[in-house]
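Working notes, beginning with the structure itself.
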Amino acid sequence: MQILVTGGAGFIASNFVRYMLERNPDISIVNFDLLTYAGNLENLADLEKNEHHVFVRGDICSRQDVEALFSEHQFDAVANFAAQTHVDRSLMDVTPFINTNVLGVQILLDACRANGVNRYLQVSTDEVYGSLGATGLFTETSPIKPNNPYSATKASADFLVRAAHESHGLDAVITRCSNNFGPYQFPEKLIPLVIANAMEDKRIPVYGDGMQVRDWIYVIDHCSAVETVLRKGKPGEIYNMGAHKDVPNIEVVKSILSILNKPESLIEHVEDRPGHDRRYAMDSSKIETELGWSAAHTFGNALETTVNWYLDNRDWWERIRTGEYASYYEKLYGNRGKHCS
Ligand code: NAD
Ligand code: TYD
């Protein structure tokens, strides 16, 4: 079985490629990635000599790149992870999000149709549902109500995938996962940012009151969920994925500081993110009961494993935290105004 994985030099898909190759000697993976600021070949260094893994640099927004890829390789399945993924960046400039997360998805869908690919899997997000109140869970039939430009583009892609299935009979499935954490996560996202800042005794920016709730899942559990849907999901269906671990941001930050034995005085409440979703929490009962998947890792253990990975791989994130990333961070806080406490 040959699988096309897009975005495989990024956080989740680099874990997914490794996860799949470790467990499935019968599959090979073509990994197609543009290597944007978030794509990093160091994430795949241990797979360099693996004969079941081929890396191809290219852009899912380029029909030319995608057609060349499909003319060179035959795919049994496509798993599209490639995306622009950071909400704060989408608030500053949505153009690359529209290109990759919307146009790029349509180009992949067209290529799958033209080449008779048996299964297309779109990696989507719980953020397409918008925000929950104090209670309740997102189910697959919850209304699509994205509140920020990133989630609006991911929701648009989900509609295009649905249309490709309904109009053209493409065998397509959509996975909607909650917030991931684990090794190789780019240190602009909350958990790696807090770990890296704490290790360097830098202030930790908590947006607003820090009582926003996210449903955290260890990246390896997301990988196993994607494999499950790739193999067993029903065409045209959507599957929510979460680990039943809803935690306010401020508690996540304090847990990391406690693991690292760093003081809570590093925490600095800053102006809130515009359109900030208050609470995400997933009902994953469909994938659990219909496909037999469940998350295997507990939040506490996985958080410790993750912190240890960042302690052991300081070079990896230190290199990232210079250059382009540094100027982005200045711009973010320039736009956002002064810290509020
Ligand atoms: P990431 O930002 O770490 O990696 C994205 C990867 O896509 C990078 O390697 C980048 O180079 C590549 N890419 C970007 N534009 C491309 C293009 N035009 N052509 C080819 N490659 C391109 O992202 P991530 O956090 O690993 O997220 C992966 C997927 O999972 C995304 O689709 C995201 O929406 C989804 N998701 C993420 C989370 C999360 O918590 N991080 C949760 C649910 C769903
Ligand atoms: P993030 O990791 O950006 O993921 P997402 O926006 O996709 O959920 O943010 C997770 C939560 O942490 C979100 O509620 C925003 C908040 N946050 C902070 O409070 N401070 C930060 O510096 C960052 C990056 C995020």
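The values are calculated or read from the model by the stated rules, or taken from the named source; none is laboratory data. Computed from a prediction, not measured in an experiment: that's the story for all the values here. Here the Cβ is made from the backbone with ideal geometry for all residues, glycine too, and neighbour counts use every protein chain on show. Just so you know, the surface numbers come from the protein's heavy atoms only, side chains and all, with ligands and any DNA or RNA stripped out. Shrake-Rupley method; radii C 1.70, N 1.55, O 1.52, S 1.80 Å.
Counting only the heavy atoms of the protein chains, how much of SER28 is accessible to a 1.4 Å probe, in Å² to the nearest 10?
Surface accessible to solvent at SER28 totals approximately 30 Å².
Angle, helix 324-336 long axis vs. longest principal axis of the chain, Cα atoms, 0 to 90°, nearest 10?
It works out to around 60 degrees.
What order do GLU51, GLU264, GLU42 take when sorted by accessible area (1.4 Å probe), most exposed first? Write down the numbers at each step before the final one.
On the way: GLU51 175, GLU264 100, GLU42 80 Å².
Ranked list, largest accessible area first: GLU51, GLU264, GLU42.
Any idea what angle helix 219-232 forms with the longest principal axis of the chain, computed on alpha-carbon atoms, 0 to 90 degrees, nearest 10?
20 degrees
Averaging sequence separations of C-alpha pairs under 8 Å and six or more residues apart, then dividing by the length of the chain, give the relative contact order as a whole percent. Don't skip to the answer; put the middle values down first.
Numbers: 635 pairs, mean separation 59.6, N = 341.
About 17 percent, as a whole number.
Going by a ≥ b ≥ c, the root eigenvalues of the Cα gyration tensor, does the chain fall in the rounded group (a/c under 1.5), the prolate group (a/b larger than b/c) or the oblate group?
On the way: a/c = 1.55, a/b = 1.41, b/c = 1.10.
Since a/c reaches 1.5 and a/b is larger than b/c, the shape of the chain is classed as prolate.
For LEU69, what charge total do you get from the other residues with a beta carbon under 12 Å from its beta carbon, if Lys and Arg give +1 and Asp and Glu give -1?
Working: positive: ARG57, ARG63; negative: ASP33, ASP59, ASP65, GLU67, GLU72.
Neighbour charge sum, excluding LEU69 itself: -3.
For region 210-309, how big is Rg over Rh, using alpha carbon atoms and the Kirkwood form of Rh? Could you put the intermediate results ahead of the total?
On the way: Rg = 16.1 Å, Rh = 15.4 Å.
In region 210-309, Rg relative to Rh is 1.05.
Per-residue counts of other Cβ atoms within 10 Å, averaged by peptide: what ranking do you get for 6-17, 55-66, 208-219, highest first? The partial results should precede the final answer.
Details: 6-17: 26.7, 55-66: 17.4, 208-219: 20.3.
The packing order, highest mean first, is 6-17, 208-219, 55-66.
What length, rounded to one decimal in nm, is gained on full extension from LYS234 through to GLU251, with 0.36 nm per residue of separation minus their alpha-carbon distance?
On the way: separation 17, 0.36 × 17 = 6.12 nm, distance 3.72 nm.
Extra length from LYS234 to GLU251 when fully extended: 2.4 nm.
Through the Karplus equation 6.51 cos²θ - 1.76 cosθ + 1.60, θ set to phi - 60°, convert the phi angles of region 265-279 into ³J(HN,Hα) values in whole Hz; use x for Gly and Pro.
These are the phi-based 3J(HN,Hα) values: 5, 6, 5, 10, 6, 10, 3, 6, 6, x, x, 5, 5, 7, 8 Hz.
Quickly estimate the mean residue ellipticity at 222 nm for the chain, helices only: each DSSP H run with n ≥ 4 gives -39500 (n - 2.57), and the total goes over all residues, rounded to 500. Could you put the intermediate results ahead of the total?
Working: 13 runs with 141 residues, N = 341.
Using -39500 (n - 2.57) per qualifying helix, the result is -12500 deg cm²/dmol.
Once both labels are modelled 7 Å past Cα along the beta-carbon direction, what's the ASP93-ASN118 spacing in nm?
Taking the simple label geometry, ASP93 and ASN118 are separated by 4.2 nm.
Treating the angle as unsigned and between 0 and 90°, give the value, to the nearest 10°, between the Cα long axis of helix 63-72 and the longest Cα principal axis of the chain.
Between helix and principal axis, roughly 60 degrees.
What figure, in Å² to the nearest 10, do you get for the accessible area of LYS234 with a 1.4 Å probe and non-protein molecules left out?
Counting only protein heavy atoms, LYS234 exposes about 110 Å² to solvent.
In nm, give the distance between the simple-model label positions of LYS202 and VAL54, each being 7 Å from the Cα along the Cα-to-Cβ direction.
In this crude label model, LYS202 to VAL54 measures out at 4.0 nm.
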